[in-house]
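The structure appears right after this line, and notes come after that.
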Amino acid sequence: MALPSPTTALDDRRTTTDGAWLAVLAAGTAAAMHIWKLPAALAGIQADLGTTLVQAGLLLGIIQVASVVGGLATAVGGEMAGLRRLLVAGLILLSAASALGAAAPSTELLMAARTLEGIGFLLAVVVAPALIRKVAAPRRLNVALAGWAMFQGMATLIGLSAGALFLQAAGWREWWLVMAVVTLLPVPLLLRLVPRDVLPSDAGLRPALRRVGRTVATRRPWITGVVFACYTAQWMAVLGFLPSIYRSAGLDGPWPGILSAIVGGVNAIGALSAGPLIQRGLSERKIIFWTFLAMSAASVATFAVGWENIQNGILAQFVLIAVFSAVGGLIPAAVTSYSVRIAPADGSVTAVLGLTQQIFNVGNFLGPMLFALLATRTGGWGTAWWLTCGLSVLGMALLAFLGAADGVTAGGARRPGKRLSIQRKAKM
């Protein structure tokens with residue numbers, strides 16, 4: 001199994017504990033909350049800035065633009081500067097951009113601030129899984145990676161619910177300022193609990209580019225990224241517009257945000273379930289296939305039925321979309337487990353994560369816009385399942401081009417039938 005590259009080495013004079021990877025998880029959650037601070041605030045932003053529905057979809061997706069173009073560049077930066085440094089830098093940039101967004105006088109300038117937030121988000125989340133892999137004890141690695149896989153669900157639950165409640169008393173600009181402060185809270189924990197980066201002798205640009213180049217020359221990171229994009233595009237689109245969907249169904253006050261937060265939060269159920277399934281021998285590809293199938297069924301039942309015309313239909317629809325999100329949480333956990341084990345022996349795990357991030361954020365960027373365009377063209381949300389099912393079918397088809405990940409499981413158990421030598425597994 002390819003281990004993280006030498007650049008990810010940490011100061012051995014400090015002992016890592018569960019607190020180290022939990023601090024990284026807290027940082028990732030704080031970063032992802034900037035994605036989910038927007039949906040509950042969309043109504044206020046539209047009223048304040050005159051934002052259209054399609055512009056709202058662009059606002060939801062534009063934070064992913066940096067990840068679309070900069071995933072590999074961030075991987076190179078991680079190879080050269082160190083993982084902890086980039087994570088802290090990402091949080092600081094996110095905080096500053098959120099403060100700038102609070103003062104935006106127009107939709108266009110708010111989009112510019114969201115783009116800066118996207119750069120900070122990218123710096124934080126690309127390096128985080130590789131950093132967790134480095135600081136977590138081997139016996140806790142499976143738990144740690146599963147914990148990371150649920151960071152989006154946690155951010156959705158906290159961001160949407162807190163935003164919905166806060167916006168009952170204040171405006172979206174004040175919420176942006178609060179988030180600027182919240183983002184900085186994990187920084188002291190990272191500096192205290194995560195050992196500082198120790199760069200190797202070959203930490204220059206050329207060695208970093210060489211490791212990244214060897215990695216991107218292989219096919220599996222590319223396919224894995226597209227498979228993940230088939231999930232993130234539909235999940236981001238549905239969750240991003242869910243408060244608007246509930247408002248169109250007649251709900252008002254904080255309830256659209258709170259119900260959407262619950263739907264996002266239950267995504268953690270799937271993420272936590274994936275680890276034990278993988279540990280018991282179920283392959284990541286099987287988990288992803290059956291998850292796509294279940295998400296398709298749940299989305300058809302959610303959107304193809306006119307629940308607004310049925311008594312207590314909104315409750316049934318809520319349960320169905322919660323199933324969509326909870327089951328879907330299996331995919332991020334399975335993809336993360338797969339991704340950290342497919343780098344070539346002389347390549348870079350950070351590059352795998354950066355490339356995967358770059359590709360699946362194309363889905364994050366396009367998903368909300370396609371969702372909004374589909375609703376606009378067809379006159380409602382009832383056709384949303386066209387998009388979700390189409391993406392799921394594509395993801396299932398691509399699984400046929402992925403082989404089994406090499407080496408050992410996240411929890412440290414050997415994969416059956418693998419004959420890689422200890423020397424080869426230890427390289428990189």
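The values are calculated or read from the model by the stated rules, or taken from the named source; none is laboratory data. Note that this is a predicted model, so its numbers are computed, not measured. Please note: Cβ atoms are built from the backbone with ideal geometry, for glycine as well, and neighbour counts cover all protein chains shown. These area figures cover heavy atoms from the full protein model, side chains too; ligands, DNA and RNA do not enter into them. Shrake-Rupley method; radii C 1.70, N 1.55, O 1.52, S 1.80 Å.
Annotation for the stretch 24-43: no member residue is assigned to a helix (DSSP H, G or I), open to solvent by 10 Å² or more (accessible area, probe 1.4 Å) and at pLDDT below 70.
Given the criteria open to solvent by less than 10 Å² (accessible area, probe 1.4 Å) and among the charged types (D, E, K, R), does R114 qualify?
Values: open to solvent by less than 10 Å² (accessible area, probe 1.4 Å): yes; among the charged types (D, E, K, R): yes.
When the stated conditions are applied, R114 passes them.
Within the stretch 265-286, can one find any residue that is crowded, with 17+ Cβ neighbours inside 10 Å and within 19 Å of L167 (Cα to Cα)? Scanning the stretch 265-286, I find no residue that is crowded, with 17+ Cβ neighbours inside 10 Å and within 19 Å of L167 (Cα to Cα), so the answer is no.
Please find, among T224, T218, the residue that is touching a residue at least 24 places away in the same chain (Cβ under 8 Å) and either buried (at least 24 other Cβ atoms within 10 Å of the Cβ) or of a type in the set (A, V, I, L, M, F, W, C) (or both).
Working: T218 fails: either buried (at least 24 other Cβ atoms within 10 Å of the Cβ) or of a type in the set (A, V, I, L, M, F, W, C) (or both).
That would be T224, the only listed residue that is touching a residue at least 24 places away in the same chain (Cβ under 8 Å) and either buried (at least 24 other Cβ atoms within 10 Å of the Cβ) or of a type in the set (A, V, I, L, M, F, W, C) (or both).
For the stretch 296-312, state whether one or more residues are within 30 Å of P207 (Cα to Cα), at pLDDT below 90 and open to solvent by 30 Å² or more (accessible area, probe 1.4 Å). Looking for residues that are within 30 Å of P207 (Cα to Cα), at pLDDT below 90 and open to solvent by 30 Å² or more (accessible area, probe 1.4 Å), one finds none in the stretch 296-312, hence no.
Report those helices (runs of 4 or more DSSP H) wholly inside the stretch 278-359 carrying at least 2 residues which are in contact with a Lys or Arg (Cβ under 9 Å, 6 or more places away or on another chain) and in contact (Cβ under 8 Å) with a residue 24 or more places away in the chain.
Filter on the stretch 278-359 gives 330-339.
Residues that are modelled with pLDDT of 75 or more and part of a loop (DSSP other than H, G, I, E, B) are absent from the stretch 403-416. Filtering the stretch 153-191 to residues that are of a type outside the set (A, V, I, L, M, F, W, C), at pLDDT below 90 and under 22 Å from G19 (Cβ atoms) leaves only G153.
Between A155, A162, A170, which is open to solvent by less than 70 Å² (accessible area, probe 1.4 Å) and assigned to a loop (DSSP other than H, G, I, E, B)? Full working, then the answer.
On the way: A155 fails: assigned to a loop (DSSP other than H, G, I, E, B); A162 fails: assigned to a loop (DSSP other than H, G, I, E, B).
Residue meeting the stated conditions: A170.
Condition check ((1) surrounded by fewer than 18 Cβ atoms within 10 Å (Cβ to Cβ); (2) within 26 Å of L189 (Cβ to Cβ)) across all residues:
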| site | (1), (2) |
| --- | --- |
| G50 | yes, no |
| L58 | no, no |
| V65 | no, no |
| G82 | no, yes |
| S95 | no, yes |
| A99 | yes, yes |
| L123 | no, yes |
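Among residues of the stretch 359-378 being at pLDDT below 80 and either surrounded by fewer than 20 Cβ atoms within 10 Å (Cβ to Cβ) or of a type in the set (S, T, N, Q) (or both), the one that is farthest from V216 (Cα to Cα) is N364.
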